[in-house]
Structures are given as C-alpha cells and as structure tokens.
C-alpha cells in the first residue's frame, strides 16, 4: 500500500522521522507492505511539494546545513505556509496523512491546531507529536476525526517513545483506571536524578542537561512542571476519558527541590521524582504535577536520568507499569512511525 | 455491534472472562458499542449452545457448584465436544469469534489446536489464552488466519494481563528487537522472591505459592522452566519473527536455586530471577530460560512476588520495559477481552 503524506515541522522530531522513513524503507515495504511517500514538507522557511515524493535524505541534509526546506531544489516554495501546503497538496496529490511535528505553541496552538483541523476536515488521518493542539482542543479534534471517519494519533506527545498513550487507550480500553502516575518529562527527571545520584547542584545538573541536549535553552516549561501538566491533560482526555484543562492541574515544578531534600529522601530510602498524578475523586480525577517522595520499590522510583515511565492502577488488569530509556529524540520519532503503522497496517 | 462468540475452556481464565463479560456489559455497550453474545460454551462435561446467548453468570454459578456446562438448563448437551460445538453453532448461529481458554496440552495441542484450526478455516476470529497450539503450530495457524482474512490474538498467553505480546507486535512493529528479557512465569517469580525476601526455603515457598493459588498441584512445568520456555517461543514467533521451537531453547528451572545462592546474590546487590532471554546471534536468536543474577537496577530485578515483566532492547525505540502486578487470574482474562476489543472496536 502506498501512503502519500505531508510533514510539518522539521525540528528534532520531524527530521528524525524522515531519517527513520529512509532507514526503514526496505523493511516497511518488504515486511509490512507500506510505501510512505513524503509529498510535502514545511518549516518556518516555507514548504516543498513534489508529486512523486521528496527525498527524505535531501530534506535532512538541507536542515543539517542550517537551511529551510524552501531551499529544496526545484520544489521548494519560500513562504508557503504549512496550511497552504495542505490545501495545495491534498487537492492535487491525494495525500491521506498529515504528520505534525511543529513546536508546541500553548497560547493558541498555531500553526499546528489549524493545520490538524484542516487535515481532518479534508478526510486525512493525522499523526502528531505536538502537544499544544491536543491540550487546547482535544474534544473538538476528536469530534472532527469521528465526523470525517479518520484517525487522530498522538502517541509521540507523551513520554517520548514509550507507548504510554497507546497502552492506556488500547490495552486498557475495557479497564477502569482509578489512579495513574507518570514521570513524563525527561528534562526534570534528568536533573533530579543527576542531583540525587551524582551530587550535582540544580544549576550544574541543568547546565549538564542543556549540554547533553536534554533541556531547552529556556527550560522554564519543563522545570516549572508545565510540560508534564500538558502531558497529563492529554492522558486525562485520551486514557481516562476525563475532559481536563491545564487549569484543572495543580502544578509545582522542581525549582525548589534542594540537594538537602534529595539526600534526606535517600536517607529514608526514598527518591524524589516529578510525578504527574491522576487520582479518582468523586465523578472525576484530581490532577497534579509535583515533586513526590517515592518509596524505593515504586516502579517510578528507580528510573535513571534518561528514563520516563507510567503506572496505571486498574480494576481488571492489575497494576501495569512501563518505562523507556530514551537517549535521543529517535524513539519519539519512532512513536510517530508506530502510529502510522497502527493506522495503515493491519495485524493478522 | 453485536458479536456472537463461542468459548471453550471454563477453568480459571474462562470463568473469569465470563465474569468480565457480565461485569463490563453496560460499559462495553454504552461506551464502546460492543455487545458480546456468548452463544456457546464447552468444557470437559460437554457444551451448551443457545441462539439467543447463554447467561454468563449462570455458567459461572454452575462451575462454582462443581458442575459442568453440560448441566446448563435447557441448552446443555452432555458429551458434545468443543469441536462439535464450533461446527454446530457456526453453521446455525453466525458466530464470528472463538475464545479459547482450554488447558495447555503440550503433547499434541488438543483439543485447542484442532478447534482453533476449525474456527479459523470457517472464517472466525480467534482469541486464545492457550499456549500449546501456538507453541506447536504458530506458522500454520498464522497462515490459516491470513488465508481466511481473520485475526488470531493471544495476548493472554504471555505474562498474564501484561500486554507483552501486543506491545512487541504492535508498538515495536517498525523496530528491530536485538535483545528481549522477560520474567514471564508467576509461580517461579513468586517462589524466588519469597525465598529471597522472606527467608523461606524452596519447599516452604512452593507450598505457600500453592496455598495462595499461584502454583499448580504439580508445579513441574513451572519450576523446571518449561512454561517460561513456551512463552519465549510464542514471543519469538510473534515479536521477533523468529520461528523457534522448544528444542531451540536452553532451559534450566529454579529447582537448584538455594537459599545460599539468594543470600550471596543479595550480598552482591543482585537479585536472582528466572529470566527468559532472546539474544540476537547471527541471523537468529539465542534463546534461554535460566536463573539469572540481575543487577539491582535491572528493570526485572525489583519485581515483587506477584509481578511479571518484559524488556525490549530496540534499535529505534530505545529500551522499553513493562511490568504487571497480578494478584488473581482476572488480568489474564482481561487480556482476552482486550484482544476482543482490538479485533472489533476501532479507535478513532
């Protein structure tokens, strides 16, 4: 089966996705019968559209040289927006899938939100790694997907390459989750773990995380807990069926966690982690993100600096926990590819 | 959507499945749009077939009283085999699904194997919790399912309610697994953990496991490692795409693990677990089941007595581990229900 797709966002995840499409091309075709053709790609420079498909490697090389995709030979179109790309390419080239990996804009979700809406309304499936549109408009996007009979997948938005969303949505579809706990932000877990295990100060650990590519230049979204809160909102909607907003989450970051607190917790045999928690309460859930003292035996307590994890406490499927070691953004890109396969490749 | 199904095997898992069908009926219908009608059920006493559906609760009550399903009022048929039930009910009542929860017979796989073949050949989907047919005839059964355009699901066969198979087959479909490690047998993990943590002798721990319902009266299949080996063969076929047989697995059980070895491992900061391992080697995998000294930080080292777990080392999705706390056979039954939903309920 040939699947013609469009990709918006060529940062860490979007580029890694293109690398995976290239690296796994033969396997996808021979073993899974899937030929992915990237008809268009867009970044802030503009877009490139080619009916017979762009060369993923060439796009990656352009980005590696610091150029935008608008510079793609012959097919680059400077200034063409992602939204315009979708309209132009869908009408002309029968694209069935939008891959959305643009940066999270938590103010209004744009340009991702508008592009996802446009794609769903045109009957295209959507696979996104961008949290913002989901946090701001989950019910509307899900409704659009249902109305148009297409799928909206977003496994890459929570805990990188860990199938936290898929596990909860799919493997626990018949179960009731009464409690959910996650270490879903890599930056803060890296910082806390380095502080606890290696005696680094907060500033040292942060600088180290930035040097290793595990933290942004402006780390406030991560260290103040909002990135984890965003992921919690997505899990609440998708796994718990609970229509939460960011306002419903009690959020506390890691900026006030001191070396003294970490050594004190260690002395008590505990570990401090930034835990996103959903706890059933009345008809809904109490949602929080906060530094939490975990018993050493807690499945999230032993996570190393490059790990994230999730725990689902259920009525009929026991307590299920899962974790990932994620050294680079490749696993997150692989979660987008996983979602693509989930849409187009039927398991026997 | 109404799905008419047949269930064979009314032991621990089959009965729990019926209880789940009853308990989750309203949720399945209202939230997922699925009405499960159990048209027939079979055990060693015979079968019961009713066009309008058996009452799951009544079947469970019969079994609780020590009676067979052949005693089901009006519709019980003493001596009718599961195979005869499939032939009779499919032809007359449009059943689309066989649920197979009969005991594992590793000699010839019967009666499960023949019934699964019959069901697939008739165009019925199959969800099974029975390892034996898969261990003995995986390629043939998968081929039958493909030929007839139906699905063969068996998440319940490995590590109880942990979606170990689903996670590997589906979430890692594009990934290459170069190493896989699992604690997939509850009995042996219970025994080893109680010995290590509570200072029990092997005999005490085994007796305790039997009293708690975590071990069979004849525990040899478990403690000699063969149950774990069976599960490893299933994972090899389904996740690794490696057509292994039991003969390919180097198997060592836990009968020679002594209290002294456990205390020695603890002194070194390690834990002894019965680990099923697949390690890439040449064009294939080296498969083994053996007591293994794990570093304390290993994801399987910290598993408690009622836990099982799996670790996938991959090329593009990092290292993904998952574990379950399983107190009863309910999670295993829930894995069958999960598979049913995976076949019949599309996620948006």
Can you name the number of the only condition in (1) buried (at least 22 other Cβ atoms within 10 Å of the Cβ); (2) more than 27 Å from the chain's Cα centre (by Cα) that residue A:260 fails?
(1)
Members of segment B:230-245 that are out of contact with any helix residue (DSSP H, G or I) (no Cβ under 6 Å at 6 or more places or on another chain) and within 14 Å of residue B:158 (Cα to Cα)
B:231, B:232, B:235, B:236
One residue is enough: does segment B:176-197 have a residue meeting the conditions surrounded by 24 or more Cβ atoms within 10 Å (Cβ to Cβ) and assigned to a loop (DSSP other than H, G, I, E, B)?
yes
Which condition from (1) surrounded by 24 or more Cβ atoms within 10 Å (Cβ to Cβ); (2) over 22 Å from residue B:103 (Cβ atoms) is the one that residue B:1 breaks?
(1)
With the requirement that a residue be within 13 Å of chain B (Cβ to nearest Cβ), closer than 15 Å to residue A:131 by Cβ and in contact with a strand residue (DSSP E or B) (Cβ under 6 Å, 6 or more places away or on another chain), what does segment A:163-185 give you?
A:164
Those residues of segment B:208-228 which are closer than 21 Å to residue B:251 by Cα and part of a helix (DSSP H, G or I) amount to B:220, B:221, B:222, B:223, B:226, B:227, B:228
Buried (at least 17 other Cβ atoms within 10 Å of the Cβ) and in contact (Cβ under 8 Å) with a residue 12 or more places away in the chain: which single residue out of A:240, A:200 fits that description?
A:240
Just one of (1) without any contact (Cβ under 8 Å) to a residue 24 or more places away in the chain; (2) within 14 Å of chain B (Cβ to nearest Cβ) trips up residue A:152, so point out which.
(1)
Whichever residue in segment B:309-326 is under 16 Å from the mean Cα position of the chain (by Cα) and more than 7 Å from chain A (Cβ to nearest Cβ) and, among such residues, is farthest from residue A:297 (Cα to Cα)
B:310
Taking segment B:266-287, which residues are buried (at least 21 other Cβ atoms within 10 Å of the Cβ) and farther than 18 Å from residue B:186 by Cβ?
B:278, B:285, B:287
Here are A:341, A:337, A:303: which of them is part of a loop (DSSP other than H, G, I, E, B), in contact with a helix residue (DSSP H, G or I) (Cβ under 7 Å, 6 or more places away or on another chain) and within 13 Å of another protein chain (Cβ to nearest Cβ)?
A:303
The listed residue being assigned to a loop (DSSP other than H, G, I, E, B), over 19 Å from the mean Cα position of the chain (by Cα) and over 28 Å from residue B:337 (Cβ atoms), out of A:200, A:144:
A:200
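Quick note: the coordinates plus some simple rules give every number you see, no bench work behind them. Treat the numbers as computed from the prediction; the structure is a model and nothing was measured. Cβ atoms come from the backbone with ideal geometry, glycine included; neighbour counts cover every protein chain shown.
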